Amino acid sequence: MTLSLLLGFFITSLILAIAPGPDNIFVLLQSAMYGSKSGLCVVLGLITGLVCQTIAAALGIAAVIAAMPVLFFGIRLAGALYLMYLAYNAWMHPVNRFSDNSVNSGYIKLWRRGLIMNVTNPKVQIFFLAFFPQFIPKGMSSTDTVFLMITLGFIFMISTALVFGSVAVFSGALADRLRSDRFQLYLNRISALIFVSLAILTLVSG
C-alpha cells in the first residue's frame, strides 16, 4: 500500500471518528460526569477494544460471528444489557461525590467500561469487514492481508484516540466549569436516558 493510500485511510478514519456515534457519545457523557482524566481512561478502554476487534477481523473471527445470527444477536444483547447497567449507575450516581479521590479509585473501572462497550458492539466488527477491504489491494497473499489489516487497525486506533481524546478533554473541562449539584443531577439523568436509548437502538437495529 502506498503512502497516499495510508494517508487517505487515516483522513477517512478521522472523519468517521468525528461522526456522531455510540462510542464518542459514550466518551462525552463519561467525561462530563467524571472529568477529563476519567474520560481518557474510557478512551483507552475503547482503544483496547479496537485491538481485539482488529485481531478478530484480521484472523477472520469477525466474519464467522457475522455469519452466525444467534451469536451476533447474543453479543448485541450483551451490549444492550451493559448499556442498561450503565444507565442504572448513571441514574443512581450521587451528586455529591465528584472528587479526585472518588474518581481516581475508579480509573480501572472506567477503562473496563470502554473495553466492554467496544467488544460487545458487533457492529464494529462488521464495520471493519466492510471498510478495511476497500483499502486492501487485490491479489495480496493471506499473510500480507493479515499484516495490512493490522496496520490499518493501528492507524484507525490513532485517529480514534485523537478524536475521542479531544472529546474527553474538552467535555470534561467544560463540565468542570459548570459543575454544581443541580448540574450533576441533570447530567446523571440525561446520561441514563441516553444509555437506555443506545441500548434500545443496539437491539432493534439489526
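The values are calculated or read from the model by the stated rules, or taken from the named source; none is laboratory data. Just so we're clear, the structure is a prediction, and the values are computed from it rather than from any experiment. Here Cβ is always computed from backbone atoms with ideal geometry, including for glycine, and neighbour counts include all displayed protein chains. SASA here: full protein model, heavy atoms, side chains in, ligands and nucleic acids out. Shrake-Rupley method; radii C 1.70, N 1.55, O 1.52, S 1.80 Å.
The table below gives the values:
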item: Scope region 114-130; condition of a type in the set (S, T, N, Q) and either more than 10 Å from the chain's Cα centre (by Cα) or open to solvent by 20 Å² or more (accessible area, probe 1.4 Å) (or both); matching residues; result: T120, N121, Q125
item: Those residues of region 179-201 which are open to solvent by 50 Å² or more (accessible area, probe 1.4 Å) and of a type in the set (G, A, S), in sequence order; result: S180, S197
item: Index of the failed condition, L148 passing every other in (1) of a type in the set (A, V, I, L, M); (2) buried (at least 16 other Cβ atoms within 10 Å of the Cβ); (3) touching a helix residue (DSSP H, G or I) at 6+ places or on another chain (Cβ under 7 Å); result: (3)
item: Pair list, Cβ < 7 Å and 6+ apart or interchain, from region 129-143 residues that are at pLDDT below 80 to residues that are open to solvent by 80 Å² or more (accessible area, probe 1.4 Å) and outside any helix (DSSP H, G or I); result: none
item: Residue satisfying condition, being assigned to a helix (DSSP H, G or I) and of a type outside the set (A, V, I, L, M), within set K138, K123; result: K123
item: Residue ID - nearest to the chain's Cα centre (by Cα), chosen from residues in region 1-24 that are at pLDDT 85 or above and open to solvent by 80 Å² or more (accessible area, probe 1.4 Å); result: I18
item: Residue within region 102-110 that is out of contact with any Lys or Arg (no Cβ under 8 Å at 6 or more places or on another chain), open to solvent by less than 20 Å² (accessible area, probe 1.4 Å), in contact (Cβ under 8 Å) with a residue 24 or more places away in the chain and in a helix (DSSP H, G or I) present; result: yes
item: Some residue of region 174-181 being free of Cβ contacts under 8 Å to residues at least 40 places away in the same chain and either assigned to a helix (DSSP H, G or I) or not hydroxyl-bearing (S, T, Y) (or both); result: yes
item: Matching residues, region 53-65, being surrounded by fewer than 16 Cβ atoms within 10 Å (Cβ to Cβ) and either under 19 Å from the mean Cα position of the chain (by Cα) or part of a helix (DSSP H, G or I) (or both); result: I55, I61, A63, V64
item: Qualifying residue in region 86-94 (condition: touching a Leu at 6+ places or on another chain (Cβ under 6 Å) and surrounded by 21 or more Cβ atoms within 10 Å (Cβ to Cβ)); result: no
item: Residues that are under 22 Å from L86 (Cα atoms) and either assigned to a loop (DSSP other than H, G, I, E, B) or open to solvent by 20 Å² or more (accessible area, probe 1.4 Å) (or both), drawn from region 25-51; result: I25, L28, Y34, G35, S36, K37, L40, C41, L44, I47, T48
item: Test: P133 is in a helix (DSSP H, G or I) and exposed (fewer than 14 other Cβ atoms within 10 Å of the Cβ); result: yes
